[in-house]
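In what follows, a single structure is set out as structure tokens and then discussed.
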Amino acid sequence: MINKILNLIFALPIIILVIMILVINVKLYDTSELNIVNNDTMNVEVLAELRGLKFALANNADEDMQQLFPEGFVFMNALYGLSWCNFIEGINPASEYFSEGRQEIQKAYNKINSAHGRSSFDDGLQIPYGAFYAGWSTYLLGRKLQLEQPGTDNANEVNFFKNQCLQISGAIQAKTFPVSYRGGAWPADALMCVAALSLHDKIYSPLYKDVIGAWLAQVKSKLDQQGLIPHAVDATTGEPTENARGSSQSLMLIFLREIDSQFADQQFSIYETKFPDIRLGLSGVREYPQNGPGAGDVDSGLVIFGMGSASTIVGVGTMYQFDKNDEGDKLRQTVEALGFPLKFSSRKIYLFGVLPMADAFICWAHSQKKIFRHDNPGFISFHLYSAIALSVLVVLLYFFLKPKKPSSERSLHIPW
């Protein structure tokens, strides 16, 4: 009896692993679903992800993420708000979805633009509260204003947005990469600030073309050894201290294309040769370029076989932004399979809901896609690897669970 219990204990992890492999193989073929409601074509999968995030945020997921990430509260609300912006763009303003989106964008912005939202940042920096906070908050406000109907926008918010842009303009003219924290500067944060200036010039009378051009010229003079915008720089000199990484590159390229599409295309062509890769038949994005180090940190998330979780998730949106829809679909299906999504009525969550920040990044990446198709990329190589793994696991299961032959000592012995 004890042996049977021990065998079951040893077999249980194998059974779980078999189920996981089977689920991953099936989930590789989950696709985005389009639906037409009141003449509006929308991605109902993204809507389900937004509803999942809405539920999570109502239960203080942003507060929980702040305990795990230095900018968790602001980052999660910014991604949530921007996902709604992408989702309702092009939808009939009279529809219930547009109305819901506007309300959720406003709630997300109000959270960020509050004393609590600013509490993790230093108001004494060159840009008050630093480049990260100023960049994401100002850009989200700009996107919100861009979606407003004429005459319905808030004059105070418009004036605040314009004043924020003025502060950002002065800061990036004084220093290419303004600090996010005392002693710390990251180009991705500065790029968000410049994306806000670029957005201003799309909405209102252009003011910042020359400022943006001068900033880009400075950035091009401070590229890393690969010719890419670096991951981190010296807060004083602006010189690279850490070479390009997949997580920041994937994110920066999305916004760089809004700022200067030609420079973005040049950066993307280098990125394509260094970061997208394949492991066991699945597409992913490396956190470090080929032959680089492989340790994960708070920026990269989990790194497995060199593939970064953050870089792969955000890379979905990057590929879509650069019209690499096939590559984007392959990355998306990898995330869909390994993210173990669950659906509850109108809601969709990933990783069993334990890390809502991942859900926010996934939703934002999915919301970038503009062209939808119903065909699926093939994953024959991964299926073959899975078949080999399953064969080994089934043999192990048989070893643990096979019926034991009765021992010779217990065999019925009939004396003659």
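Extension gain, residue 273-residue 384: 0.36 nm per intervening residue step, less the Cα-Cα distance, totals 37.3 nm. For segment 218-263, the relative contact order comes to 26 percent (Cα pairs under 8 Å, sequence separation of at least 6). Can you give me the angle between helix 309-321 and the longest principal axis of the chain, using Cα atoms only, in degrees from 0 to 90, rounded to the nearest 10? Roughly 60 degrees, rounded to the nearest 10. Ignoring ligands, DNA and RNA, please state the percent of accessible area on the chain from carbon and sulfur, probe 1.4 Å. The computed percentage sits at 58. Placing pseudo-labels 7 Å out from each Cα toward the beta carbon at residue 68 and residue 242 gives an inter-label distance of 1.9 nm.
Applying a DSSP loop filter and a limit of 16 other Cβ atoms within 10 Å to the chymotrypsin sites (Phe, Trp or Tyr not before Pro) in segment 257-337 leaves 305. What the Cβ-Cβ distance of residue 346 and residue 182 gives, at R0 = 41 Å and to the nearest 0.05, is a FRET efficiency of 0.40. Would you mind checking 202/369; 107/330; 107/162 for any pair whose Cα atoms are more than 24 angstrom apart? Over 24 Å Cα-Cα: 107/330. Note on residue 221 and residue 16: their simple-model spin labels are 5.6 nm apart, each label 7 Å out from Cα toward Cβ.
Estimated from the Cβ-Cβ distance and a Förster radius of 60 angstrom, the FRET efficiency linking residue 41 and residue 399 is about 0.65. The charge dipole of the chain, taken about the Cα centre with unit charges on the Cβ atoms of Lys, Arg (+1) and Asp, Glu (-1), comes to about 1240 debye, rounded to the nearest 20.
Each of residue 126 and residue 95 was given a label point 7 Å from its Cα along the Cα-to-Cβ line. The distance between the two points is 4.3 nm. With protein chains left intact and a 1.4 Å probe, residues in the chain average 48 Å² of accessible area per residue. In the chain, the calculated helix contribution to ellipticity at 222 nm averages -19000 deg cm²/dmol per residue, counting -39,500 (n - 2.57) for every DSSP H run with n ≥ 4. Taking a ≥ b ≥ c as the square roots of the eigenvalues of the alpha carbon gyration tensor, segment 295-373 is oblate, as a/c is not under 1.5 and a/b does not beat b/c. Please list, in order, the residues from segment 54-81 whose amide nitrogen is less than 18 Å from a point placed 7 Å along the Cα→Cβ vector of residue 119. Only 57-78 fall inside the zone, counting backbone N under 18 Å.
The values are calculated or read from the model by the stated rules, or taken from the named source; none is laboratory data. Please read these numbers as outputs of a predicted model, since none were measured by experiment. Please note: Cβ atoms are built from the backbone with ideal geometry, for glycine as well, and neighbour counts cover all protein chains shown. For the accessible areas, the whole protein counts, side chains as well, though only heavy atoms, and no ligand, DNA or RNA atoms are used. Shrake-Rupley method; radii C 1.70, N 1.55, O 1.52, S 1.80 Å.
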